[in-house]
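Everything below concerns the one structure shown next.
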Amino acid sequence: MSKTIAFHLQKGGVGKTTISGTIACQSAMEGIPTLLVDVDPQGNASSWFYTGELNYELADVLQGTCYVDDAIVQIPNIDNLFLLPTFGIGGSLKTYAETKIADEPYVLQDLIQLLKDKYPRIILDLSPGLGKLERAAIIASDEVITPMTPEVFSLDGLEIFIDELKKIRKNLRSQVKHERIVINSFDGRIRQHKEIYEAATSGIFKVYKIPVDPVFRKAQEANVSPQVFKQRGKGLKVNTLEAIEGLNSVIWR
Ligand SMILES: Nc1ncnc2c1ncn2[C@@H]1O[C@H](COP(=O)(O)OP(=O)(O)O)[C@@H](O)[C@H]1O
Ligand SMILES: [Mg+2]
C-alpha cells in the first residue's frame with residue numbers, strides 16, 4: 001500500500017523540514033523507495049540533500065514544462081531516497097503558487113497520484129503558512145502530521161491549524177487524516193516541555209516526541225542524513241534515533 005504524508009503546521013521553525021527529511025531517510029533505509037517532494041519555495045529540503053546541479057524543479061513539472069521523471073533526482077549515498085526538488089534561489093514555485101495554483105488546486109494531487117506506483121512512500125515538505133500551495137499539498141496527502149515545538153504559543157497554533165483543516169476538508173472535499181502530533185526539540189528536563197506534552201496528549205491526538213539534538217542542524221549543514229552524521233565519532237543521541245525509528249515504524253501503516 002502506498003501512502004503520502006505531509007508534515008505541517010502554519011508556524012515556521014517547528015521542524016517541518018527536519019522531520020520530513022529525517023523520516024524520508026529512515027523510510028529509505030528500510031529499503032522502500034521513498035520520494036521527498038520539496039513544496040517549499042525556499043527549497044530547504046533540496047539544498048539539504050542535493051548539492052549537485054539541478055535542471056528542473058517541481059514548478060516545472062506542475063506547469064508542464066518538463067516530465068516528472070526528468071525532475072526527480074536520486075539522493076547521493078542514500079539508497080532508495082529520491083527528491084523532487086525546488087530551487088531556493090532562481091526558482092519559480094513561489095510565482096506559480098501566487099498566480100496559477102488558484103486555478104488548479106488539484107494539480108499536485110494528480111501528480112502525486114501518478115507517482116504512487118513508483119514511490120510507495122511520499123513525503124511533502126511544506127513552507128510555513130496556509131496559502132494555496134500548502135492547501136494543495138495537504139489535499140494531495142493521505143495524512144498530515146503536525147510538528148510543533150514545546151512553546152506557549154504552539155498549542156494556539158495547533159487550534160488554528162485544526163480549524164483551518166476543517167475548512168480545507170469541506171471546501172476541497174478532502175479526507176486527509178490528522179491524528180498525530182510530533183513535539184519536536186523536546187527536553188524532558190524542562191518543566192514547560194512536559195506541561196505542553198501533557199496538554200497535547202489530553203486531546204484526541206497520538207503524540208510523539210523528538211528530543212532536542214544538535215546533530216540535526218549539523219547534518220543539514222553537512223548535506224547528509226542525521227542518521228549517518230558523525231563528528232569525532234559522535235552522532236545522534238540514542239534516544240533521538242529511537243524516537244525517529246519509532247515514529248517511522250507507525251506512520252506508514
Ligand atoms: N529536534 C531538534 N533538535 C535541535 N534542533 C532542531 C531540531 N529540529 C529542528 N531543529 C533545527 O531547528 C531549525 C528549524 O527547523 P526546520 O526543520 O527548518 O523548521 P521548519 O521547516 O518548520 O521551518 C533548524 O535549524 C533545525 O536544524
Ligand atoms: Mg522548512
> Considering only residues of segment 25-41 that are more than 19 Å from Asp69 (Cα to Cα) and more than 10 Å from ligand 2 (Cβ to nearest atom), which is surrounded by the most Cβ atoms within 10 Å (Cβ to Cβ)?
Replying inline: Ser27
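For segment 42-62, name all the residues that are of a type in the set (Phe, Trp, Tyr) and either touching a His at 6+ places or on another chain (Cβ under 9 Å) or within 14 Å of ligand 1 (Cβ to nearest atom) (or both).
Start the filter on segment 42-62 by keeping residues that are of a type in the set (Phe, Trp, Tyr), which leaves 48-50, 56.
Within segment 42-62, Trp48, Phe49 meet the criteria.
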> Which one of these is within 13 Å of ligand 1 (Cβ to nearest atom), out of contact with any Phe, Trp or Tyr (no Cβ under 7 Å at 6 or more places or on another chain), of a type in the set (Val, Ile, Thr) and within 22 Å of Ser154 (Cα to Cα): Val14, Val39?
Replying inline: Val14
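Taking the criterion of being closer than 24 Å to Gly15 by Cα and either touching a Cys at 6+ places or on another chain (Cβ under 9 Å) or within 16 Å of ligand 1 (Cβ to nearest atom) (or both), would at least one residue in segment 63-76 satisfy it? Talk me through it step by step, then tell me what you get.
First pass over segment 63-76, keeping only residues closer than 24 Å to Gly15 by Cα: 72-76.
Now narrow it down to the ones that are either touching a Cys at 6+ places or on another chain (Cβ under 9 Å) or within 16 Å of ligand 1 (Cβ to nearest atom) (or both): 75.
Yes - at least one qualifying residue is present in segment 63-76.
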>> Quick check on segment 208-217. Is at least one of its residues within 16 Å of ligand 2 (Cβ to nearest atom) and free of Cβ contacts under 8 Å to residues at least 40 places away in the same chain?
In response: yes
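Identify, please: which residue in segment 139-152 is without any contact (Cβ under 8 Å) to a residue 60 or more places away in the chain and not in a helix (DSSP H, G or I) and is, among those, farthest from ligand 2 (Cβ to nearest atom)?
Val152
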> Out of all the residues in segment 232-253, which are of a type outside the set (Lys, Arg) and at pLDDT below 95?
Replying inline: Gly233
>> Any residue that is part of a loop (DSSP other than H, G, I, E, B), under 19 Å from Ala45 (Cα atoms) and touching a Phe, Trp or Tyr at 6+ places or on another chain (Cβ under 6 Å) - is there at least one of those in segment 224-242?
In response: yes
> Among (1) out of contact with any His (no Cβ under 7 Å at 6 or more places or on another chain); (2) within 16 Å of ligand 2 (Cβ to nearest atom), where does Lys16 come up short?
Replying inline: (1)
>> Please pick out the residue among Lys16, Lys94 that is in contact with a strand residue (DSSP E or B) (Cβ under 7 Å, 6 or more places away or on another chain) and of a type in the set (Lys, Arg).
In response: Lys16
> When only residues in segment 195-234 that are under 22 Å from the mean Cα position of the chain (by Cα) and small (Gly, Ala, Ser) count, which is nearest to ligand 1 (Cβ to nearest atom)?
Replying inline: Ala219
> Residue check, Asn44 against (1) surrounded by fewer than 24 Cβ atoms within 10 Å (Cβ to Cβ); (2) over 27 Å from Leu158 (Cβ atoms), all met but one. Which one?
Replying inline: (2)
> Mind checking whether some residue in segment 118-138 is assigned to a helix (DSSP H, G or I) and either under 30 Å from Ile190 (Cα atoms) or of a type in the set (Gly, Ala, Ser) (or both)?
Replying inline: yes
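The values are calculated or read from the model by the stated rules, or taken from the named source; none is laboratory data. The model shown is predicted, which means the values in this text are computed figures rather than measured ones. Neighbour counts are summed over all protein chains in view; Cβ atoms, including those assigned to glycine, are modelled from backbone coordinates with ideal geometry.
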